[in-house]
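The structure appears right after this line, and notes come after that.
The values are calculated or read from the model by the stated rules, or taken from the named source; none is laboratory data. Because the structure is a prediction, the values reported are computed rather than measured. Heads up, the Cβs are rebuilt from the backbone with ideal geometry, glycines too, and the neighbour counts pull from every protein chain shown. In case anyone asks, the SASA skips ligands and DNA or RNA and just uses the protein heavy atoms, side chains included. Shrake-Rupley method; radii C 1.70, N 1.55, O 1.52, S 1.80 Å.
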Amino acid sequence: MSAPLISLESLAPASSMDALLAKATSGGCSSSSCGSSAKPDDMDPAVWEKIKDHPCYSEEAHHYFARMHVAVAPACNIQCNYCNRKYDCANESRPGVVSEKLTPDQAKRKVIAVANEVPQLSVLGIAGPGDACYDWRKTRATFEEVSRDIPDIKLCISTNGLALPDHVEELAAMNVDHVTITINMVDPEIGTKIYPWIFYRNRRYTGLEASQILHERQMLGLEMLTARGILTKINSVMIPGVNDEHLIEVNKWVKERGAFLHNVMPLISDPAHGTHYGLTGQRGPKAMELKALQDKLEGGAKLMRHCRQCRADAVGLLGEDRGQEFTLDQLPEDVTYDPAKRETYREVVARERGDHVAAKQAAVSAVRETEAAGSLLVAIATKGGGRVNEHFGHAREFQVYEASPKGISFVGHRKVEQYCLGGFGEDATLDGVIEALEGIDVVLCAKIGDCPKDSLRAAGIRASDAYGFDYIETAIGALYAAEFGLELLAESA
Ligand code: SF4
Ligand code: SF4
């Protein structure tokens, strides 16, 4: 395997512009694919333009590009049984949680500061902590202010859909081409177990009537977005015993109405969160239950499997959160946008990405061409760039891929507590990591010590650092070949 062309991670810390430009303009790319397009053959070029740098709408882009959420929309017009919006909560990572609410002016200052420091930034999203469409004036003011200074940033909102139809025209006029609607049911009877009330046209509704109105508004909003060419992602929270099987029906409905992606997320439920579900003992699904449902949904609306259920003030690549580096008290009063780092990063990524796509295609087709009948569930420790480049003990999540005669596909991620801090690993933390890796056959990472490796082996999980810094798919392809005794990937491995 050739050495990495450029270490993308090395671009994340502040580096001199001369150094960045030297990397971007230096030769050394040996791949014939360098600069080639990563666009899938069957994708409309206009759609590709919209998603290619969006870490949530393109699984491939999430290895390279970052999003940030600004918490400008605290008000909400419905109550979900899984929600309790919390402030000043730096340690919890789940939707609705933020450390500080922002005005549109403060949000603009923060976005510029982040854009100057985080070259991967491509998307600005408003995902609460309430509802971006209900708290519309602040959402609109924030987008108007930011897009004046950073015109190429993609604007994105997340909404429960109740107020959405009232704002679709303005969203289209502002070039917002990504909208997420959370749709947990298409049967209002099921909705009564999820939504105790809604507030609509100055009136509070409860019971079946509330869910009926919400359902109609969600469908209308989705149809209006589709008619205007705005890409819509549907988030559904999987609530075992409430809507898990029903999400198959939801998937059909949203596909028929033009949804671009369906993102089924596990319910996060804990009594400490103070939510109705948390306090009444409603459990969330296990990782393997979520995967089983997602597998059943294959063939319907295209699935998003790489969602990290981010905070409403998250900053950085998916799977990392640099929000605490950009709290208001750390931001300069006056900040001017400097596009240099973002532009340079894009040049570097364009080159690396072509190489990655070619390596991925080679690995996937080689695995597909095998006569082997087996499959492998592989957990990858990565810190971005599409490579196996994180130490086992430093990982806060593992990306999970399935290799089988069908190819190599991303199937999800497992969040874990970082096992090794300051050079030492805690046994109790390792136990939690091993539990989170239930069902995994092999862990691939850049480095792993003998002690955690032995503990993993005792739990039936093998671990290897033999493929450190390879592209993820190349590493998995080579592993698959080794596992099933095949002569694969001789050129790309
Ligand atoms: S719509 Fe969002 S902010 Fe409102 S209650 Fe539901 S989860 Fe919370
Ligand atoms: S919550 Fe999911 S869709 Fe939203 S920014 Fe995070 S990863 Fe993307």
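Values as computed for the structure displayed
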read-out	value
Residues satisfying the stated conditions in the stretch 284-316, i.e. away from ligand 1 (no atom under 16 Å from the Cβ), over 16 Å from the mean Cα position of the chain (by Cα) and assigned to a loop (DSSP other than H, G, I, E, B)	PRO285, LYS286, GLU298, GLY299, GLY300, ALA301
Residues being open to solvent by less than 40 Å² (accessible area, probe 1.4 Å) and outside any loop (DSSP other than H, G, I, E, B) - total across the stretch 190-210	6
Tally, over the stretch 223-259, of residues that are acidic (Asp, Glu) and within 16 Å of ligand 2 (Cβ to nearest atom)	0
Any hit, the stretch 170-178, residues being polar (S, T, N, Q), open to solvent by 30 Å² or more (accessible area, probe 1.4 Å) and not in a helix (DSSP H, G or I)	yes
Residue satisfying condition, being acidic (Asp, Glu) and either in contact with a strand residue (DSSP E or B) (Cβ under 8 Å, 6 or more places away or on another chain) or open to solvent by less than 70 Å² (accessible area, probe 1.4 Å) (or both), within set ASP152, ASP166, ASP187	ASP187
Within the stretch 135-169, considering residues that are small (Gly, Ala, Ser) and assigned to a loop (DSSP other than H, G, I, E, B), the one nearest to ligand 1 (Cβ to nearest atom)	GLY161
Members of the stretch 295-325 found to be away from ligand 2 (no atom under 16 Å from the Cβ) and open to solvent by less than 40 Å² (accessible area, probe 1.4 Å), listed by number	LEU297, GLY300
